[in-house]
1. Considering only residues that are under 16 Å from Ser496 (Cβ atoms) and open to solvent by 50 Å² or more (accessible area, probe 1.4 Å), look in segment 533-544 and name the one that is modelled with the lowest pLDDT.
2. From the residues in segment 200-245 that are in contact with a Phe, Trp or Tyr (Cβ under 8 Å, 6 or more places away or on another chain) and within 17 Å of Met367 (Cβ to Cβ), which one is most open to solvent (accessible area, probe 1.4 Å)?
3. Of the numbered conditions (1) in contact (Cβ under 8 Å) with a residue 60 or more places away in the chain; (2) outside any loop (DSSP other than H, G, I, E, B), Arg189 satisfies every one except a single condition; which is it?
4. Out of (1) under 24 Å from Glu576 (Cα atoms); (2) modelled with pLDDT under 90, what's the single condition that is false for Asn315?
5. Give me the pairs: first residue in segment 329-356 and in contact (Cβ under 8 Å) with a residue 40 or more places away in the chain, second residue among the hydrophobic types (A, V, I, L, M, F, W, C) and open to solvent by 50 Å² or more (accessible area, probe 1.4 Å), beta-carbon distance under 8 Å, and six or more apart or on different chains, which are they?
6. Among the residues in segment 273-291, are any within 30 Å of His595 (Cα to Cα), in contact with a His (Cβ under 7 Å, 6 or more places away or on another chain) and open to solvent by 30 Å² or more (accessible area, probe 1.4 Å)?
7. Name every residue in segment 325-372 that is assigned to a helix (DSSP H, G or I), among the polar types (S, T, N, Q) and closer than 24 Å to Lys401 by Cβ, in order of residue number.
Amino acid sequence: MSDDANGRVGSAAAGEPERDLRQGPGPGQGPEQDPGARDEGGFGAMLEDAQSTEEFVEQTQRRERLVRRAKRRRRAKYALLSMTVTGSLVVAAAFVYVAYDVQHLTHNLKHVALLPPGVTEPPETVDAYGRSALNILLLGSDTRDTSSDCSLGGACVQGDANSGANGDSEMIVHLSADRSNATVVSIPRDTETQLPQCAGGGRGMINSALQYGPACQVAAVNLLTGVTIDHFVEFDFSGVVDLSTELGGVPVCVSAAVHDPYSGLTIGAGVTEVQGKQALQFLRTRHAFYDGSDLGREQATHIFMSSLLRKVKQNATLTNIGEMQSLAETVTKYTTVDNDLDSITSLLDLANDFGEVASDRVTFLTMPWQQDTDTSDPSYTSRVQEDPAAVALFEDIKQDKSFTTSGGSVSALSSSSSATPDSSGSPSPTSSGSPSAPTAQQIAASQSAEAVAKQSETAAARTHPMHVVVVNSSGATDRYQAVVSQVFQDGFVYSSGSDATSTVASTTLVYSAQEVKAAQELATDLDLPASALSETGTGTTLTLTIGTDWTTGSTYSTAGTYSASAAISVPSQSYEENGADTGACVQANPDAETH
């Protein structure tokens, strides 16, 4: 045996236990020590080994989690990038589409100068808040420069006297400076008047000026009325047909079934949704309505227009974008405007201005007229001329007066004469010695500050957040309504009124120290004397008590005299229609009725 062998044998022979080689390495020969050779700290070493193994497992699991998280972040990043790119493409596509649509609609518009060369108008008056009214001339043209218009309007034979471009309808739309109300005044197409030089001068029918272009028609209307025209919008036959069809019809009412062989209109009694050619026939008919004159025709136009406006407003929602785009396409395709409205954005701004006005604060009127007195004209019996009352009406419009009360009703008729609808809905001239009594709607609206506030312009409410209470202690009936209307028109939109049970001799305006400025402004607007002001109130309410020294008129200085107040009177022979009146019917001409 070798020494090595002898050593091993010797050890065994000395009584040392022989190691089983299958038990693994001996002490100091590996990480696993012989359990029999462990020292007194053997349990601690075992615990350390276990902890090391657990830490190893945790580290492994942590690495796996980090790997999975990194993969998820990469996937999310790629998804977010994809969504961002897709969203950007959608937004970009929408932006391009909108830009294209605006450009396309603008390209549809035809535009020319507002006035003929060398003709000027005075600028609009600016109110205390820097605002000005807007006057837009709406022209319904009977131009027949396309085969479609010829088919609809007829009279397209070369050289025919009726084949030119005349104004089929002319309406001045007056938007108040504070955009709280609007007045639409129709000018009868058969009005004989002095024509401007662009139309050859001399006397003639006002609608003939359109033959020389819309700018000349603007000049003619300005010459007749004295009203500054800021813009014009001209629409032709085909536009009426397509627009009414696009809307699915416009509801109108006629008191009885009629047929007019001249316009071709056949329509039943009651409400009919007119569209297409029938809508145009309805607007062009005169023989079928009232007495066959332009008065009945203007009434029909007002009913159609107010109904049209209500329907467009109903459709003007974000959920009807496609329909509104289609309407815009139709409108712009048949519209000619002045150069300042030569883009769809400018036209939309104008539409938004009008959209601020509630339907019940839009009043439709007809220019007061009388029989033409120029007997040298063989056709004078079928012509009309401006009535003296029209001069006052147009002056009121220039002064930005409203014909609508704060409650939305058309104002009472003038004390000298009136044109009140009879039970069937027709306008029948009558004579009266006193103003007609206010309606229940007017009284209720005047008593409700909340209702008044809802119908006011937001900007005016911010300017005058205080409340104005009008108390009628004058002893005169129905006094506070006119004053509340004036207060509302002056911008104090939170206004209400009531009748007192007793009278006082002097008019007073009571206010607190914090409302001195507002009280002074209101006193100035109402022409109150300095003696009427009393700084003895509290809070933000201004209390105006009407005394026996102020029994008539909407301002103190006009007591006892006629006043063109906030709700001024509608003059004689002027059919009036409120924009919210859904029950108005055109009176049928008995000669055109069918049975």
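1. Within segment 533-544, the match that is modelled with the lowest pLDDT is Thr540.
2. Gly226
3. The failed condition is (2).
4. (1)
5. Thr336/Val112; Asp338/Val112; Asn339/Val112; Ser343/Val102; Ile344/Val102; Thr345/Val102; Gly355/Ala316
6. No: segment 273-291 contains no residue that is within 30 Å of His595 (Cα to Cα), in contact with a His (Cβ under 7 Å, 6 or more places away or on another chain) and open to solvent by 30 Å² or more (accessible area, probe 1.4 Å).
7. Those that are assigned to a helix (DSSP H, G or I), among the polar types (S, T, N, Q) and closer than 24 Å to Lys401 by Cβ: Asn352, Ser359.
Listed here are the residues, each with its yes/no results for (1) open to solvent by 20 Å² or more (accessible area, probe 1.4 Å); (2) of a type in the set (A, V, I, L, M, F, W, C); (3) in a strand (DSSP E or B).
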residue	(1), (2), (3)
Ser498	yes, no, yes
Ser502	yes, no, no
Ala505	yes, yes, no
Leu509	no, yes, yes
Gln514	yes, no, no
Lys517	yes, no, no
Gln520	yes, no, no
Ala523	no, yes, no
Asp527	yes, no, no
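The values are calculated or read from the model by the stated rules, or taken from the named source; none is laboratory data. Quick caveat, the model's predicted, so the values are computed rather than measured. In this analysis, Cβ positions are derived from the backbone assuming ideal geometry, glycine residues included, and neighbour counts consider all displayed protein chains. To get the accessible areas, we keep the full protein, side chains included, count just its heavy atoms, and leave off ligands, DNA and RNA. Shrake-Rupley method; radii C 1.70, N 1.55, O 1.52, S 1.80 Å.
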